[in-house]
Amino acid sequence: MNENIIIINCGSQFTQLIARRLREMKIHSVILNWDVSAEILESYSPKGIIISGGPDSVNEPDAITVDKKIFDFGCPVLGICYGMQLMAKTSGGVVSSGTSSEYGVTSIKRNENSSALLKNLPSEINALMSHGDHVSKLPEGFAATSTTSGGVISSFENANKKFFGLQFHPEVVHTEHGEEILRNFVFDICGCVGDWDLSNWGETTIADIKNKVGDKKVVCGLSGGVDSSVAAVLVNRAIGENLQCVFVNHGLMRLNEPEQVMAQYKALGLNVIYVDASEKFLSELAGVTDPEQKRKIIGRLFIEVFEAEAKKIKNAEWLLQGTIYPDVIESGSKKGAALIKSHHNVGGLPEKMNLKLLEPLRDLFKDEVRELGKIIEMPEEIISRQPFPGPGLAVRCLGEITKARLDVLREADAIFREELKAAGLYKNIWQAFCVLLPVKSVGVMGDSRTYNEVIVLRAINSQDAMTAEWSRIDFDVLDKISKRICNEVKGINRVVMDVTSKPPATIEWE
Ligand code: XMP
């Protein structure tokens, strides 16, 4: 069993980042929602617990809280920001509201006393604060270990109980020596050794799947994407022909993509049923321009088509999904609602079809899925594939979706990607694609006036798709792309470039 650090998520935007930082130290962590019971939490045999930040104020009557029994486990607990305030309040301290001056990067000064958590840190560091509340009276047995320039307690600890609190965020890059603080916690204080390793993980997981599934059948909806492909190859290695995959062509893929993807699956030895449902999708999308409406129709149809195919597979007991770690992070919202990123393609299916869920990648981050793909010798073109949204070109074909407009978009998009590849730029871009606007502008071609639609070039770089920076592409490359699109794609007389990052924009246009 892995050594586990449990991260209790109280709704911070940085929760996943804590897990990421731990993984970089080869520590396995499990993120659980704030309302998890102490019993469930204990079943993970945690070496330590981290309580995340969160947007609430502990003094609000309905503020979220954690099961107090976790403070009796005897294992080290680190509270970050809201987590620290919760620890303070639970242990008998006082939390006061309203120090907005402490928002942002603040200078922190260590106190004279020694601190296992702040071991080997300089006496002063800059750290990111993102909460208005602060601990104004220490609980009994706790000592302040650092203070902000404004005199606020920025960290405290109860060395006997191994309880630690940080008012700032060690997990973000804006906090100097944040990694060392987390290292001190997991290695020195919790006694972890850091033995999480992907190279053995594949073999162990294949053996686990064999055990779990036995001779039963597994169905899987393939999308052409990295996650579902890696998951399918892994399960195929475990149970062979008993994995039956279904690839639904919704008519919203890029140029020649369904054929290429099917050929790749075949080469990998996967058992795949190809379903061409493009006409069904296009006819139901006819006349629809609202982005949410488009997504809903596609999601519903996908389930319908997939379910109909999967039902034909006799004795299927399991549904394989390519869910990865960032997809399973639950929100710390009061309603306790799961914020699972909707894998629109198979959402809701397991319950509906009475299938058990198999999610072998749910512990891995995206880059680890790619690394695993390499370890199990999958072709580079699959594992380095750029993310592609489930609803496909529907969210890139603004306005009405018609076969003709999709074809225009496909051609332009293929040129864009082809030229980026030729210039050696494609592999260093997180996502590059075209968007077709339902806007006409006047142009001139030869001696005639044109009145055609507009293509947008969208290229971004990102670490995790949560934030993104628009890619600076060489002007000469852009010039070539623009000329080729206007010359070769009938129906386009203008090409523009999207120079917006995320936030404030999103990566996709719909
Ligand atoms: P946005 O546009 O929200 O996109 O900045 C973030 C990332 O998610 C992808 N995306 C999706 N992926 N189903 C998916 O599997 C979807 O419905 C979907 N919508 C957006 C998007 O391409 C980007 O990588």
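The values are calculated or read from the model by the stated rules, or taken from the named source; none is laboratory data. Keep in mind that this is a model prediction, so the values were computed, not measured. Cβ: placed from backbone, ideal geometry, glycine included. Neighbour counts: every protein chain shown.
For the range 75-94, which positions are crowded, with 20+ Cβ neighbours inside 10 Å and not in a loop (DSSP other than H, G, I, E, B)?
Those that are crowded, with 20+ Cβ neighbours inside 10 Å and not in a loop (DSSP other than H, G, I, E, B): V77, L78, G79, I80, Y82, G83, M84, Q85, L86, M87, A88.
Please enumerate the residues belonging to the range 280-307 that are exposed (fewer than 13 other Cβ atoms within 10 Å of the Cβ) and more than 29 Å from the chain's Cα centre (by Cα).
Of everything in the range 280-307, those that are exposed (fewer than 13 other Cβ atoms within 10 Å of the Cβ) and more than 29 Å from the chain's Cα centre (by Cα) turn out to be S283, A286, G287.
Take the conditions surrounded by fewer than 19 Cβ atoms within 10 Å (Cβ to Cβ) and more than 23 Å from P139 (Cβ to Cβ) and apply them to K47. Does it pass?
Working: surrounded by fewer than 19 Cβ atoms within 10 Å (Cβ to Cβ): no; more than 23 Å from P139 (Cβ to Cβ): yes.
No: the conditions fail for K47.
Answer with yes or no whether D67 is without any contact (Cβ under 8 Å) to a residue 40 or more places away in the chain, surrounded by 14 or more Cβ atoms within 10 Å (Cβ to Cβ) and not aliphatic (A, V, I, L, M).
Details: without any contact (Cβ under 8 Å) to a residue 40 or more places away in the chain: yes; surrounded by 14 or more Cβ atoms within 10 Å (Cβ to Cβ): yes; not aliphatic (A, V, I, L, M): yes.
When the stated conditions are applied, D67 passes them.
What's the number of the only condition in (1) modelled with pLDDT under 85; (2) within 16 Å of the ligand (Cβ to nearest atom); (3) assigned to a loop (DSSP other than H, G, I, E, B) that K334 fails to meet?
Among (1) modelled with pLDDT under 85; (2) within 16 Å of the ligand (Cβ to nearest atom); (3) assigned to a loop (DSSP other than H, G, I, E, B), the lone unmet condition for K334 is (2).
Quick one: in the range 438-464, which of the residues that are within 16 Å of the ligand (Cβ to nearest atom) and in contact with a strand residue (DSSP E or B) (Cβ under 8 Å, 6 or more places away or on another chain) is modelled with the lowest pLDDT?
Initial filter on the range 438-464 (within 16 Å of the ligand (Cβ to nearest atom)): 456-464.
Keeping just the survivors that are in contact with a strand residue (DSSP E or B) (Cβ under 8 Å, 6 or more places away or on another chain) gives 456-462.
Working: V456: 98, L457: 98, R458: 98, A459: 98, I460: 98, N461: 95, S462: 90.
So the residue we want is S462.
For the range 481-510, how many residues are surrounded by fewer than 16 Cβ atoms within 10 Å (Cβ to Cβ), part of a loop (DSSP other than H, G, I, E, B) and of a type in the set (A, V, I, L, M)?
Total satisfying the criteria: 2.
Residues to consider are N4, N33; find the one that is under 30 Å from G98 (Cα atoms) and modelled with pLDDT of 90 or more. Give the steps one after another, and end with the answer.
Working: N4 fails: under 30 Å from G98 (Cα atoms).
Answer to the check: N33.
Working carefully through the options V219, V235, V230, find the one that is among the β-branched types (V, I, T), at pLDDT 95 or above, in a strand (DSSP E or B) and closer than 20 Å to Y274 by Cα. Quick ask: steps written out before the conclusion?
Values: V235 fails: in a strand (DSSP E or B); V230 fails: in a strand (DSSP E or B).
So the residue among V219, V235, V230 that is among the β-branched types (V, I, T), at pLDDT 95 or above, in a strand (DSSP E or B) and closer than 20 Å to Y274 by Cα is V219.
For V246, state whether it is out of contact with any helix residue (DSSP H, G or I) (no Cβ under 6 Å at 6 or more places or on another chain), farther than 20 Å from L398 by Cα and of a type in the set (A, V, I, L, M, F, W, C).
Details: out of contact with any helix residue (DSSP H, G or I) (no Cβ under 6 Å at 6 or more places or on another chain): no; farther than 20 Å from L398 by Cα: yes; of a type in the set (A, V, I, L, M, F, W, C): yes.
No.
List the helices (runs of 4 or more DSSP H) inside the range 354-465, counting only whole elements, that have at least 1 residues being buried (at least 20 other Cβ atoms within 10 Å of the Cβ) and of a type outside the set (V, I, T).
Here the list reads 366-375, 403-422.
Is one or more of the residues making up the range 222-237 free of Cβ contacts under 8 Å to residues at least 60 places away in the same chain, surrounded by fewer than 20 Cβ atoms within 10 Å (Cβ to Cβ) and not aliphatic (A, V, I, L, M)?
Step one: of the range 222-237, the residues free of Cβ contacts under 8 Å to residues at least 60 places away in the same chain are 222, 236.
Okay, now just the ones that are also surrounded by fewer than 20 Cβ atoms within 10 Å (Cβ to Cβ), so none.
The answer is no, given that none of the residues of the range 222-237 is free of Cβ contacts under 8 Å to residues at least 60 places away in the same chain, surrounded by fewer than 20 Cβ atoms within 10 Å (Cβ to Cβ) and not aliphatic (A, V, I, L, M).
Tell me which of these C10 doesn't satisfy, since it passes every other one: (1) more than 27 Å from D464 (Cβ to Cβ); (2) under 27 Å from the mean Cα position of the chain (by Cα); (3) crowded, with 20+ Cβ neighbours inside 10 Å.
For C10, the exception is condition (1).
Give the residue, chosen from D215, D197, that is more than 27 Å from the chain's Cα centre (by Cα), away from the ligand (no atom under 16 Å from the Cβ) and farther than 25 Å from I303 by Cβ.
Working: D197 fails: more than 27 Å from the chain's Cα centre (by Cα).
Going through D215, D197 in turn, just one is more than 27 Å from the chain's Cα centre (by Cα), away from the ligand (no atom under 16 Å from the Cβ) and farther than 25 Å from I303 by Cβ: D215.
Scan the range 110-153 for residues that are aliphatic (A, V, I, L, M), under 36 Å from the mean Cα position of the chain (by Cα) and assigned to a strand (DSSP E or B) and jot them down.
Taking the range 110-153 first, the residues aliphatic (A, V, I, L, M) are 116-118, 121, 125, 127-129, 135, 138, 143-144, 152-153.
With under 36 Å from the mean Cα position of the chain (by Cα) added as a condition, the list becomes 116-118, 121, 125, 127-129, 135, 144, 152-153.
Result: I125, A127, L128, M129, V135, A144, I153.
Kindly provide the set of residues from the range 100-125 that are surrounded by 15 or more Cβ atoms within 10 Å (Cβ to Cβ) and of a type in the set (S, T, N, Q), ordered by number.
T106, N111, S115 - these are the residues of the range 100-125 that are surrounded by 15 or more Cβ atoms within 10 Å (Cβ to Cβ) and of a type in the set (S, T, N, Q).
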